[in-house]
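Enquirer: Just dropping this structure here.
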Amino acid sequence: MMETLLAQNIVLSDKDFYRISDLVYEHCGINLHTGKKELVRARLAKLLRQRNFKTFQKYIKYVFADKNGKEFSILIDSLSTNLTSFFREKQHFDFLREKFLPLLMERKRKNRNFRIRVWSAGCSSGEEPYSIAITLLEEVAGQGRWDVKILATDISTTILDTARKGVYGPKRIAPLSGMQKNKYLMMHRVNREKVFEIAGSVRNIVIFKHLNLMKDWPIKAPLDFIFCRNVMIYFDKPTQQSLVNRFWDLLDSGGILFTGHSESLTGINHKFNYVQPTIYMKP
């Protein structure tokens, strides 16, 4: 209770807020407008408490003084929202299974090309890329030898560590079917509590990497589809447009871009064809 009161008493001035928001925007394109000021104060107040700073001014000076960038990475982690779940936005996975993957695999078989390449941009704690991996493994099972790889990236080094571990509690794995749990998870007990670890067959096709979407992308084209969901909501329109057009360049002809349910390409100059809400195809 006392810690909560102390956090509430830490004042974030407009000057310090704009300094933080400018720094974050320059680094990773996240647009912290004035309506986010209280959110920034509340989240960073915890860091100030942990490091025994009584003012944001002193904390900001501390962040700038950290030459290896670790403290700035922690600041970004604190401001990023890492809300996700297995098979979140189910319509995307239905579209993959029922429409896109059967046609993609048929086309690739005709061309003697058995590679499937995917990017989960903003993978958070791993549920999204693991869900994609399970979907792909189910589709290619018994259909010959396919070379499947999923690149999973995030700006948060902390959340990537969680994703790499691939260990989740019972509530987190609830969206998986009984068959999927038996086939793709391994149950352990930690302090008498059940936890579930992603199986090697799934891990083997997912590669986790730290990546800032505003910087260079060491990614080779062409990709078959990209998931970038609930990431662009943090960016302004010019940043969104730049990002969408960079995705276009990476996708193969017929490739798909999946965006979040609260995101739209309306107002963005792009060359994608609209398929259905939050699903766009490169002709």
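The values are calculated or read from the model by the stated rules, or taken from the named source; none is laboratory data. Everything numeric here is computed off the predicted structure, so don't read it as measured data. Here Cβ is always computed from backbone atoms with ideal geometry, including for glycine, and neighbour counts include all displayed protein chains.
Enquirer: Among the residues of the range 11-31, write down those that are modelled with pLDDT of 80 or more and either in a loop (DSSP other than H, G, I, E, B) or surrounded by fewer than 12 Cβ atoms within 10 Å (Cβ to Cβ) (or both).
Expert: Correct list: Val11, Leu12, Ser13, Asp14, Lys15, Asp22.
Enquirer: Sort through Lys58, Lys37 and tell me the only one that's surrounded by fewer than 19 Cβ atoms within 10 Å (Cβ to Cβ) and within 25 Å of the chain's Cα centre (by Cα).
Expert: Lys37
Enquirer: So Trp146 clears everything in (1) closer than 11 Å to Phe86 by Cβ; (2) among the aromatic types (Phe, Trp, Tyr); (3) surrounded by fewer than 22 Cβ atoms within 10 Å (Cβ to Cβ) except one condition, right? Which one?
Expert: Of everything listed in (1) closer than 11 Å to Phe86 by Cβ; (2) among the aromatic types (Phe, Trp, Tyr); (3) surrounded by fewer than 22 Cβ atoms within 10 Å (Cβ to Cβ), Trp146 misses just condition (1).
Enquirer: For the range 192-201, does any single residue satisfy the condition of being in the same structural domain as Lys108 (by TED's automatic domain parsing) and in contact (Cβ under 8 Å) with a residue 60 or more places away in the chain?
Expert: Looking for residues that are in the same structural domain as Lys108 (by TED's automatic domain parsing) and in contact (Cβ under 8 Å) with a residue 60 or more places away in the chain, one finds at least one in the range 192-201, hence yes.
Enquirer: Taking the residues in the range 82-133 that are assigned by TED's automatic domain parsing to the domain that holds Gly166 and among the β-branched types (Val, Ile, Thr) as candidates, determine which candidate is surrounded by the fewest Cβ atoms within 10 Å (Cβ to Cβ).
Expert: Ranking the qualifying residues of the range 82-133, first place goes to Ile116.
Enquirer: Then there's this: Can you list the helices (runs of 4 or more DSSP H) lying wholly within the range 50-102 that have 1 or more residues being touching a His at 6+ places or on another chain (Cβ under 9 Å) and at pLDDT 90 or above?
Expert: 90-95
Enquirer: Restricted to the range 233-283, and to residues that are surrounded by 13 or more Cβ atoms within 10 Å (Cβ to Cβ), in a loop (DSSP other than H, G, I, E, B) and out of contact with any Lys or Arg (no Cβ under 9 Å at 6 or more places or on another chain), which residue is modelled with the highest pLDDT?
Expert: His270
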